[in-house]
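The structure under discussion appears below in the form of structure tokens.
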Amino acid sequence: MDIIVENFSKNYGPQRAVDNISFTVRTGEIVGFLGPNGAGKTTTMKAITTFLEPTSGNIRVGHFSIFNQGEEIRKVIGYLPENNPLYTDMTVIDYLEFIARLHSIPKEHIFQRILEMVAICGLEGEKHKKIGELSKGYRQRVGLAQALIHDPQVLVLDEPTSGLDPNQIIEIRDLIRRIGKEKTVLLSSHILAEVEATCDRILIIDKGKIVADGTTDELRRRSQGSEMVKVTIEDAEPNEVYQALSELETVETVSFRTGMDNGFEVQSKAEMSSKRDIFLLCKGKGWILTEMTPFTASLEDVFRELTTH
Amino acid sequence: MDKILIITRKELKQFFDSLMAYILLVGFLGFSGFFTWLFGSDIFLVGQASLQTFFAIAFWTLFFFIPSLTMRMIAEERKSGTIETLLTKPISDWQVIIGKFLGTLVLVCIALVLTLPYYFTISSIGKIDHGSVISGYLGLILMSGVYISIGLYASSISCNQIVGFLLALLIGMFFHIIFDVISTGFTGLPGEVFSYLSMATHFESISRGVIDSKDLIYFFSLIVLGLVLTHRNLARSRS
């Protein structure tokens, strides 16, 4: 089942949280939703799960539209809301049973299904505790368990790994990847490495607009219109080198590498290479060039480039 | 209907898990028992085999207890965000609201059932009018329905439980006593209107054993009104 978002906009009073965005998440695809705080990720997810009504535009899940078939959508969606709200005075088992009943799971399967979820999410030792007594990581697992309990076709997860320790993060990532093979998954995250490791495709949203949509490789390539090199130049006055590098014709920007006196990052102008110029500069000035390493932009750089203005 | 009962069950379970239910039961039975049997114009002072004394006391105790049951119903779900989990499950807003309404009503009914020994005791002492006892209990249940409905509405206004409690009491106060007081100051049509709006008018007639459609319409229209307003508030949080 695909998630199809068409010209979706959402206003909170006079403020426009999401501005006319469109995208599709296909079956068998895991899409990561990235963006700075307040970019509109959560709002979009709330609209997909029928919690919020769009100001304009339409959202469809499979053949169902959120406007008149909301209840059909809610049957097929598993949703982990932001901040993972739970009934803190219920026990884990009671809570999962409550959710399972709401999803009309047949009575004879409920108990077995709960045990399965408890095993998958690693809640074995905590299942009889009240949710309020659990640590954040365990609560997060309960949140995931309730989202998965009815074996949904579509998963919408708002920051699924927040509060988990590194081992749990890897477990949950594996779980999501396994589920994502045959289902439709949209997840949001602040952790870029996680999105890179889990997702097939990335959507970057900023100020309510989609600023990038593609695989991690595509996004890197796009921001890499220009060549980047790390250089180390010794036997020279750093500020003088900085000045000289900046003045090269092919160089766009120069910056100091953190923690090094004589290391620099040089970004060339689009479609140009500055490597030869840097070498010739050093040769002419009698500086010692001890390192010159081309490097690719990390996803962090892409993200920063797209979302800071 | 299934879905409504799932919510009802959950609310009841939460009442009993959180001690709220026990506090209500002990408090309600304590107050009504004390004033019915031991103090003030109690049954022995009245000297009649009737539950009128108990009904008059329950009329007030329920009025104060019900807002404390309903105050968290929606406010807490909003505050903790669980309303989002709930409303994104295959269940309609109406089912959630009616489920919560019934959950509270069932708890009140449990409290009332526990007062049945009063009835057995008195009927063994003297000749009691069974019809008026039944309609008296019916009156208490209907009145509770009205205040639960008002309480749900008050709880749906904000995410603050205290606001939910005080607002429910404030609105309830009008129906419980203020309209009654006002009606005595007017003659003619305004007096009749205020008198009709007063809970006491309808409760007294029903607890005397008169089940009149005029009274039933009053109770049910207030219940429906409260629930419709609650639904509107819930729907507004989606936009």
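The values are calculated or read from the model by the stated rules, or taken from the named source; none is laboratory data. Since this is a predicted model, take the numbers as computed values, not measurements. Methodologically, a virtual Cβ is constructed for each residue, glycine included, from the backbone with ideal geometry; neighbour enumeration extends over all protein chains shown. To get the accessible areas, we keep the full protein, side chains included, count just its heavy atoms, and leave off ligands, DNA and RNA. Shrake-Rupley method; radii C 1.70, N 1.55, O 1.52, S 1.80 Å.
With the simple model of a label 7 Å out from the Cα in the direction of the Cβ, B:Phe34 to A:Asn58 spans 6.4 nm. Simple rule: put +1 on each Lys or Arg Cβ and -1 on each Asp or Glu Cβ in chain B, find the dipole, and look at B:Thr82, B:Leu225, B:Phe28; the Cα lying farthest toward the positive end is B:Thr82. First measure r as the distance between the Cβ atoms of B:Trp60 and A:Ser65, then evaluate 1/(1 + (r/R0)^6) with R0 = 45 Å and state the FRET efficiency to the nearest 0.05. With a Förster radius of 45 Å, E is 0.30. Ordered from largest to smallest accessible area (heavy atoms of protein chains, 1.4 Å probe), the residues B:Val181, B:Val163 come out as B:Val181, B:Val163.
By a 1.4 Å probe calculation restricted to protein chains, B:Trp60 has an accessible surface near 90 Å², given to the nearest 10. For the stretch A:39-55, the Karplus equation 6.51 cos²θ - 1.76 cosθ + 1.60, evaluated at θ = phi - 60°, returns couplings of 7, x, 4, 5, 4, 4, 5, 5, 6, 4, 8, 6, 6, 10, 8, x, 6 Hz by residue, with Gly and Pro reported as x. Neighbouring Cβ atoms from other chains, within 10 Å of the Cβ of residues in B:5-18, number 3 on average.
Restricting to the stretch A:3-214, compute how many DSSP beta bridges are antiparallel as a %, nearest 5.
Working: 20 of 37 bridges.
If we restrict to bridges inside the stretch A:3-214, about 55 percent are antiparallel.
For the stretch A:46-107, the extents of the C-alpha atoms along the principal axes are 40, 29, 13 Å, listed from largest to smallest.
Placing unit charges on C-beta atoms (Lys and Arg positive, Asp and Glu negative, everything else neutral), compute the dipole magnitude of the stretch A:60-198 about its Cα centre in debye, rounded to 20. Could the numbers behind the result be given before it?
On the way: 17 positive and 20 negative charges, 50 e Å.
Dipole about the Cα centre, nearest 20: 240 debye.
Each label was represented as a point 7 Å from its Cα along the Cα-to-Cβ direction; for B:Ala49 and A:Lys130 these points are 4.7 nm apart.
Note on B:Met173/A:Gln112: beta-carbon distance plugged into 1/(1 + (r/R0)^6) with R0 of 41 Å gives a FRET efficiency of 0.20. Ranking B:Ser198, B:Gly126, B:Gly164 by how far each Cα lies toward the positive end of the dipole of chain B (charges on Cβ) leaves B:Gly164 at the top.
Determine the dipole magnitude for chain A: charges of +1 sit on the beta-carbon of Lys and Arg, -1 on that of Asp and Glu, nothing else is charged, the reference point is the Cα centre, and the result goes in debye to the nearest 20.
Values: 36 positive and 46 negative charges, 194 e Å.
Computed charge dipole of chain A: roughly 940 debye.
For A:Val251, the residues whose amide H sits under 5 Å from its own are A:Lys269, ignoring neighbours fewer than 5 places away on the same chain, with H placed 1.01 Å from N. Here the protein assembly as shown is treated with +1 on each Lys and Arg Cβ and -1 on each Asp and Glu Cβ, and its dipole about the Cα centre works out to around 1400 debye.
Return the FRET efficiency for the residue pair A:Asp235, A:His190: r is the Cβ-Cβ distance, R0 is 45 Å, and the value is rounded to the nearest 0.05.
Values: r = 43 Å, r/R0 = 0.95.
In this case the efficiency is close to 0.60.
For the pair B and A, how large is the buried accessible area, both sides, in square angstrom to the nearest 100, if the probe is 1.4 Å?
Numbers: alone 11700 and 15530 Å², together 24630 Å².
Buried area (both sides, nearest 100 Å²): 2600 Å².
Take each residue in A:87-100, count the other chain C-beta atoms within 10 Å of its C-beta, and the mean is 3.
When the accessible area of the stretch A:224-296 is computed with all protein chains present and a 1.4 Å probe, what percentage of it is carbon and sulfur?
On the way: 2040 of 4340 Å².
Of all accessible area on the stretch A:224-296, carbon and sulfur atoms account for 47 percent.
Working from label points 7 Å from Cα in the Cα-to-Cβ sense, the B:Ser41 to A:Glu291 distance is 9.4 nm. Computed 3J(HN,Hα) for the stretch B:44-61, one whole-Hz value per residue from the Karplus formula 6.51 cos²θ - 1.76 cosθ + 1.60 where θ = phi - 60°, is 6, 6, 5, x, 10, 7, 8, 9, 3, 4, 4, 4, 5, 6, 4, 3, 8, 4, glycine and proline marked x.
Accessible area per residue for chain B is 43 Å², calculated with a 1.4 Å probe on protein heavy atoms, without ligands, DNA or RNA.
So what is the accessible area of the stretch A:258-303 per residue, in Å², with the probe set to 1.4 Å?
61 Å²
For the residue pairs A:Lys46/B:Lys79; A:Lys107/A:Lys129; A:Lys10/B:Lys3; A:Lys10/A:Lys209; A:Lys10/B:Lys79; A:Lys107/B:Lys3, the C-alpha atoms sit more than 20 angstrom apart in A:Lys107/A:Lys129; A:Lys10/B:Lys3; A:Lys10/B:Lys79. Of the residues A:Leu96, A:Leu289, A:Gly263, the one whose Cα sits farthest toward the positive end of the charge dipole of chain A, with +1 on the Cβ of Lys and Arg and -1 on the Cβ of Asp and Glu, is A:Leu96. Mind pulling the angle between the C-alpha long axis of helix B:20-33 and the longest principal axis of chain B? Nearest 10 degrees, somewhere in 0 to 90. For B:20-33 against chain B, the angle is about 10 degrees.
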